[in-house]
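Structure, as structure tokens:
The values are calculated or read from the model by the stated rules, or taken from the named source; none is laboratory data. Since the model is a prediction, treat every value here as computed from it, not as a measurement. Glycine also receives a Cβ, built like all others from the backbone with ideal geometry; neighbour counts cover every protein chain displayed. In case anyone asks, the SASA skips ligands and DNA or RNA and just uses the protein heavy atoms, side chains included. Shrake-Rupley method; radii C 1.70, N 1.55, O 1.52, S 1.80 Å.
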Amino acid sequence: MKNIVILTGAGISAESGINTFRDANGLWEGHDIMEVASPIGWRNNPELVLDFYNKRRSQLHTVAPNMGHLSLVELEKQYNVSIITQNVDDLHERAGSSHIIHLHGELLKVRSQFDEQLVLDWEKDLYLGDHCEHNSQLRPHIVWFGEAVPMMDVAIEITEKADIVLIIGTSMQVYPAAGLLQYAKHQTPVYFIDPKPSISQQPNLTILSENATTGVPKVVEELLQQN
């Protein structure tokens, strides 16, 4: 089976009711991003950071996958599908997709400050005093600004093997994720689905200026008919 690699960003989750990462003022839910998404912010005010992610985690329990997420599952009938997402929610998992790489971490997981490889599933609120087995504070399992992206090498390896690439709901402006496309083989067909596409036209590129809920089903139908 051919390999399809799907790169998803905030746009696909926004249609389920999850607020996008930042607004025009560089804020996230009214907070300066560096206050809630950086190691410095964590050191300066860990209670604020924990409260911020507790609210994000709580909101996640109130939303559901949309047709963008659900349609992608259909591709697994005829293709090897890998989803590389910049999103920290679990909507791809809940939709039923099998192979998902979270570049920026996962909201429903926490990790030890003592051992970053010690990652725990976590669906409730996280507080100061919640410790790992090494008696070290647990923190959100989120890749903050200034931190390495540990899954990037895996994402590059997957992208290098892609026969088809789908880009959904992401501006492809935030690095290192934005650089992934350069690892795809030359002339690999690329579908770009976004209401405000920020990519220049190329011979192998198909642009759908649509939201994920309408654009993704169209592309999925076309790919299933091709194969």
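Residues that are open to solvent by less than 30 Å² (accessible area, probe 1.4 Å), out of contact with any helix residue (DSSP H, G or I) (no Cβ under 6 Å at 6 or more places or on another chain) and in contact (Cβ under 8 Å) with a residue 60 or more places away in the chain within the range 49-74 comprise Leu50, Tyr53, Asn54, Arg57, Leu72, listed in sequence order.
Summed over the range 94-135, residues that are surrounded by 14 or more Cβ atoms within 10 Å (Cβ to Cβ), small (Gly, Ala, Ser) and more than 30 Å from Leu72 (Cα to Cα) total 1. Considering the range 197-227, the residues that are assigned to a loop (DSSP other than H, G, I, E, B) and in contact (Cβ under 8 Å) with a residue 24 or more places away in the chain include one that is farthest from Met1 (Cα to Cα), namely Ser198.
Taking the criterion of being closer than 19 Å to Glu116 by Cβ, touching a strand residue (DSSP E or B) at 6+ places or on another chain (Cβ under 8 Å) and of a type in the set (A, V, I, L, M), the residues of the range 127-179 that qualify are Leu128, Leu138, Ile142, Val143, Met151, Val154, Ala155. The condition (being of a type in the set (A, V, I, L, M, F, W, C) and within 15 Å of the chain's Cα centre (by Cα)) is satisfied by just one residue among Ile33, Ile12, Ile40: Ile12. Within the range 119-132, residues that are in contact (Cβ under 8 Å) with a residue 60 or more places away in the chain have Cβ atoms under 9 Å from residues that are open to solvent by 80 Å² or more (accessible area, probe 1.4 Å) and outside any loop (DSSP other than H, G, I, E, B) in these pairs: Tyr127/Glu47; Leu128/Glu47, counting only partners at least 6 apart in sequence or on another chain.
Look through the range 165-189, keep the residues that are open to solvent by 10 Å² or more (accessible area, probe 1.4 Å) and aliphatic (A, V, I, L, M), and return whichever of them is modelled with the highest pLDDT. So the residue we want is Ala184.
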